[in-house]
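In what follows, a structure is listed as structure tokens, so that the remarks can point back to it.
The values are calculated or read from the model by the stated rules, or taken from the named source; none is laboratory data. Note that this is a predicted model, so its numbers are computed, not measured. Glycine also receives a Cβ, built like all others from the backbone with ideal geometry; neighbour counts cover every protein chain displayed.
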């Protein structure tokens with residue numbers, strides 16, 4: 001462990017970017033520049049490196065939530081917290097990449113057509129998922145217990161997965177947006193799925209995915225407490241195969257507030273990606289907080305509803321056109337004292353902006369990364385993650401905890417991700433992303 005950590009630290013210690021030089025003794029620097037990689041500062045211990053990766057998480061959070069220009073680049077004339085679209089919100093959402101019949105997505109700077117039910121209702125982002133996975137109501141492909149999350153107003157939260165241009169370009173240029181394209185790519189002897197790594201030496205930002213969770217805001221919510229946007233909340237028509245329920249197609253413009261954010265960032269020091277998890281500070285209480293001290297009010301917990309089961313998915317059918325029983329959620333693993341302290345520093349720097357209402361839950365990173373960013377270690381593909389478990393209360397709501405093979409661990413879970421290749425003579429490992437499983441066949445019907 002010491003040798004591995006020292007090797008990782010040496011990679012970071014050579015970085016000289018001023019962005020990476022935040023520590024407990026100096027105030028955080030708010031910058032629109034996305035950091036290329038982690039910077040490790042001596043002494044090189046597990047706790048210190050955890051701090052360094054947590055700083056990387058906050059730096060990336062700030063840069064991605066910087067106000068954007070019309071072309072999606074950071075508006076360096078503005079300060080974080082200014083109204084308008086953020087940098088990551090200009091990226092490509094998964095539904096724009098993996099199209100019906102395996103069609104090639106439109107170019108980076110162009111917008112994909114809206115679903116028919118949403119057309120004529122405004123040029124707004126579309127939110128349709130009720131989970132991180134491909135289907136809205138019944139396609140849950142990740143290997144854990146899951147289901148939708150319901151806020152205290154009885155509305156289902158919605159999710160989106162965005163990717164930056166380096167990752168989008170890798171998907172498009174390699175034909176990975178269709179099943180046939182994935183088969184063709186994997187059939188070549190030297191090809192493997194490996195997205196671009198960030199590099200301080202090359203001054204290059206690597207592949208980044210942003211997974212967001214949103215709640216519909218109503219009269220009981222103050223939009224000023226959230227990063228709030230107008231969005232098209234879309235529900236495709238769906239028939240529940242278990243209950244026989246028919247879910248009507250719908251699309252309406254609604255004000256939504258950000259409640260959860262995963263930032264997944266591939267760097268040279270972390271070929272298994274850096275997994276940064278943020279939430280709104282009012283989401284849920286911690287399990288270790290005595291019940292009589294859970295005063296809230298919380299977005300996904302009601303101290304007066306002691307009869308509701310805790311951390312259990314709602315009973316199907318899941319029909320977002322109707323009000324549902326609110327979820328009763330607590331955080332299974334409390335934030336560490338070090339994370340709380342770091343959060344106070346960054347929230348202090350963000351005081352006066354809506355972003356001070358968000359907190360880092362933790363950062364998962366590989367303590368034993370592969371020597372080659374593009375080739376995972378055959379003997380330790382996960383890279384020995386630290387911490388062992390990480391769950392966002394809005395995105396891995398129902399598999400929090402510390403049970404091996406059952407509780408949420410970003411790398412452990414995403415190591416199961418494959419492509420849509422079914423007859424490849426080689427592995428179909430998908431570089432820790434389930435996105436590629438969304439690809440359709442060019443012969444498929446809508």
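If you check residue 313 against the conditions, is it assigned to a loop (DSSP other than H, G, I, E, B) and in contact with a helix residue (DSSP H, G or I) (Cβ under 6 Å, 6 or more places away or on another chain)? Here the answer is yes, as residue 313 does meet what is asked.
Within the range 64-78, the set of residues being in contact with a strand residue (DSSP E or B) (Cβ under 8 Å, 6 or more places away or on another chain) and surrounded by fewer than 23 Cβ atoms within 10 Å (Cβ to Cβ) comprises 67, 68, 74, 75, 78.
Looking only at the range 69-107, count every residue that is within 24 Å of residue 223 (Cβ to Cβ) and not in a loop (DSSP other than H, G, I, E, B) and tell me the total. Summing the residues that are within 24 Å of residue 223 (Cβ to Cβ) and not in a loop (DSSP other than H, G, I, E, B) in the range 69-107 gives 6.
Is it the case that residue 81 is at positive phi and surrounded by 13 or more Cβ atoms within 10 Å (Cβ to Cβ)? Yes, satisfied. Evaluate the following for residue 324: is it modelled with pLDDT under 95, surrounded by 14 or more Cβ atoms within 10 Å (Cβ to Cβ) and within 19 Å of residue 220 (Cα to Cα)? Answer is yes for this residue. The set of residues from the range 208-238 being in contact with a helix residue (DSSP H, G or I) (Cβ under 9 Å, 6 or more places away or on another chain) and assigned to a helix (DSSP H, G or I) comprises 224, 225.
Which of the residues spanning the range 173-185 are out of contact with any helix residue (DSSP H, G or I) (no Cβ under 6 Å at 6 or more places or on another chain) and either without any contact (Cβ under 8 Å) to a residue 40 or more places away in the chain or at positive phi (or both)? Correct list: 173, 184, 185. Going by the structure shown, is residue 306 part of a loop (DSSP other than H, G, I, E, B) and within 29 Å of residue 147 (Cα to Cα)? Yes; evaluated as a whole, the condition is true for this residue.
Taken as a whole, the structure leaves residue 389 outside the set of residues that are crowded, with 21+ Cβ neighbours inside 10 Å, at pLDDT 85 or above and farther than 30 Å from residue 28 by Cα.
Taken residue by residue, the range 186-202 has no member that is more than 23 Å from the chain's Cα centre (by Cα), closer than 21 Å to residue 96 by Cα and in contact (Cβ under 8 Å) with a residue 24 or more places away in the chain. Taken together, the residues in the range 363-381 that are out of contact with any strand residue (DSSP E or B) (no Cβ under 6 Å at 6 or more places or on another chain) and either surrounded by fewer than 22 Cβ atoms within 10 Å (Cβ to Cβ) or at pLDDT 95 or above (or both) amount to 10.
Within the option set 274, 259, 284, being surrounded by 23 or more Cβ atoms within 10 Å (Cβ to Cβ) and not in a strand (DSSP E or B) holds for one residue only, 284.
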